[in-house]
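> One structure follows; several queries about it will come next.
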Amino acid sequence: GLLGLAPAFWLAHRLAGLLIRPLPQLIAVAERVARGEPAARLLPTRADEAGRLIAAFNGAIEALQRANRAVAAEQQQLAAVLQTMGGGVILADADGRVRRVNPAAVELLEVQRQPVVGASLAELLRHHRLIEAWQACRQNGAPQSVAHEVSGREQDAFWQVNISKLTADESEGYLVLIQDLSEIHRLQSVRRDFMSNISHELRTPLAAVKALIETVHDTALDDPEVARRFLQQAEAEVETMGQMVEELLELSRIESGMVPLTLAPARVSDIILPVLERFQPQAERGALTLTVEIEPDLPSVMVDIERIRRVMANLVHNAVKFTPAEGKVRVRAYTSDEERPAGRQRGEGDERMIVIEVRDSGVGIPAADLPRIFERFYKADRARSRGGTGLGLAIARHLVQAHGGELWVRSKVGKGSTFSFSLPPAD
């Protein structure tokens, strides 16, 4: 019996060896796959159960690698979207630890901590209203929306912040979206101020005309001389309103591009000197020194000369009007490829520009008014009692921009102002 069983044991041992022989190889390949080797495979050299096991194992590896590639592609797409988004995005886990953050959020929140990933969400948000909104979202699960104004910077910022759970399961974490609406908020303020200013500017002459007409009607009908004087004053007020309406229409046409420019080469002196001759008598009456300095061999500029003279006249008129007696007004023209208004950098391919500046020793402009000095109807404190429509600088800026240049200002209260604008050379 023992002799009969010996071949059976030998055959069973042989079959068991054939079945378990691939196992060490499978284990070795599995370890290589776990280490991230993409080419780890076993060649199925057999057609039995072991061969089918090796084929299935290879198929499982390929499916796993396809899934990994798909996840990696999605991760790259998500990273690219976060990188290019203009708004700030923060992804945090249920404990409030940051898992992802894009550059826009880092810039908006002025994050100093490095690394950012792993930091507390409260540490990044910093502002108590935003932290309270996150805590409210954490407690009741409802999305939170906060309009938050950030002060203490060079310019105040206005944010719209939305905080919500990623899913209904709190363990999934939170999504924080930060939109910088500062420009929209500023434009809304400008619109409100514009409506308020135009109402005020029109109401004043209208009230004056009404009062003059009522005075003539009630008391001056029998006195032609007095009636004539009142009617002349009313006529002046009507002319003021007419000038305001014309300037508004002109500004609207310029902004919409409906004003064609007749461009031609012109010497800078032909722009400056006629304007200075026009204002020389006014400067002499105010005991002002009016000087001009034009750089030798200055290139011609490509301009609509009448419209640029209008810009020049506006700047010189303001300088003379807001400079006290014994003051100085200097006009200078020069070539510069370095002079740029604040916030504008010289771009690649920019050409050298001709700069014309009007500098006065007048009362100056408060720093708070400088960012808005070129808005329609906006008047700095120094101009509130000096008349004018408040449209001259807005028209001047748009005319200069239509010529491919820029108009900017530097000023200090009590030290005077320097208005400068650039024009492209004709060559």
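> Looking at Leu276, is it open to solvent by less than 40 Å² (accessible area, probe 1.4 Å), part of a strand (DSSP E or B) and touching a residue at least 24 places away in the same chain (Cβ under 8 Å)? Give the derivation first.
Details: open to solvent by less than 40 Å² (accessible area, probe 1.4 Å): yes; part of a strand (DSSP E or B): no; touching a residue at least 24 places away in the same chain (Cβ under 8 Å): yes.
No; evaluated as a whole, the condition is false for this residue.
> With the requirement that a residue be in contact (Cβ under 8 Å) with a residue 24 or more places away in the chain, in a strand (DSSP E or B) and within 26 Å of the chain's Cα centre (by Cα), what does segment 402-416 give you?
Listed by number, the residues that qualify are Leu407, Trp408, Val409, Ser411, Lys412.
> Could you please give the count of residues in segment 193-211 that are among the charged types (D, E, K, R) and either within 18 Å of the chain's Cα centre (by Cα) or modelled with pLDDT under 75 (or both)?
We begin by selecting, within segment 193-211, every residue among the charged types (D, E, K, R); these are 193, 201, 203, 210.
Subsequent filtering for residues that are either within 18 Å of the chain's Cα centre (by Cα) or modelled with pLDDT under 75 (or both) retains 193, 201.
The number of residues fulfilling the criteria is 2.
> A follow-up question, please. Please go through segment 320-333 and pick out each residue that is crowded, with 17+ Cβ neighbours inside 10 Å and within 16 Å of Glu293 (Cα to Cα).
First pass over segment 320-333, keeping only residues crowded, with 17+ Cβ neighbours inside 10 Å: 320-323, 327, 329-333.
Passing the criteria: Val329, Arg330, Val331, Arg332, Ala333.
> Collect the residues in segment 126-160 that are among the aliphatic types (A, V, I, L, M), within 17 Å of Leu181 (Cβ to Cβ) and in contact with a helix residue (DSSP H, G or I) (Cβ under 7 Å, 6 or more places away or on another chain), keeping them in residue-number order. Spell out the reasoning first.
Filtering segment 126-160 down to residues among the aliphatic types (A, V, I, L, M) leaves 130-131, 133, 136, 142, 146-147, 150, 157.
Add one more test, that the residue is within 17 Å of Leu181 (Cβ to Cβ), and what stays is 130, 133, 146-147, 150, 157.
Within segment 126-160, Val146, Ala157 qualify.
> Now for a different question. Could you give me the residue pairs with C-beta distances under 9 Å whose first residue belongs to segment 121-132 and is in contact (Cβ under 8 Å) with a residue 24 or more places away in the chain and within 13 Å of Ile90 (Cβ to Cβ), whose second residue is β-branched (Val, Ile, Thr) and in a helix (DSSP H, G or I) wherever it lies, and which are 6+ apart or on separate chains?
So the pair list comes out as Leu121/Ile131; Ala122/Ile131; Leu124/Val106; Leu125/Ile131.
> Something else now. So in segment 29-74, with the set limited to residues that are modelled with pLDDT under 70 and among the small types (Gly, Ala, Ser), which one is nearest to the chain's Cα centre (by Cα)?
Checked segment 29-74; the qualifying residue nearest to the chain's Cα centre (by Cα) is Gly36.
> Against the conditions (1) part of a strand (DSSP E or B); (2) open to solvent by less than 50 Å² (accessible area, probe 1.4 Å), where does Arg99 fall short? Just the number, please.
Going through (1) part of a strand (DSSP E or B); (2) open to solvent by less than 50 Å² (accessible area, probe 1.4 Å) one by one, Arg99 breaks only (2).
> So, one more: Would you mind finding the one in Asp337, Asp360 that is acidic (Asp, Glu), more than 23 Å from the chain's Cα centre (by Cα) and at pLDDT 90 or above? Write out each step before concluding.
Numbers: Asp337 fails: at pLDDT 90 or above.
Selected residue: Asp360, the only one of Asp337, Asp360 that is acidic (Asp, Glu), more than 23 Å from the chain's Cα centre (by Cα) and at pLDDT 90 or above.
> Conditions: (1) open to solvent by 20 Å² or more (accessible area, probe 1.4 Å); (2) of a type outside the set (Ser, Thr, Tyr); (3) more than 29 Å from the chain's Cα centre (by Cα). Gln77 meets all but one. Number of the miss?
Only one criterion in (1) open to solvent by 20 Å² or more (accessible area, probe 1.4 Å); (2) of a type outside the set (Ser, Thr, Tyr); (3) more than 29 Å from the chain's Cα centre (by Cα) is unmet by Gln77, namely (3).
The values are calculated or read from the model by the stated rules, or taken from the named source; none is laboratory data. Note that the coordinates shown come from a computational prediction; the quantities given were computed from them, not determined experimentally. All Cβ positions, glycine included, derive from the backbone under ideal geometry; neighbour counts span all protein chains shown. Accessible surface is based on the protein model in full, side chains and every heavy atom, while ligands, DNA and RNA are left aside. Shrake-Rupley method; radii C 1.70, N 1.55, O 1.52, S 1.80 Å.
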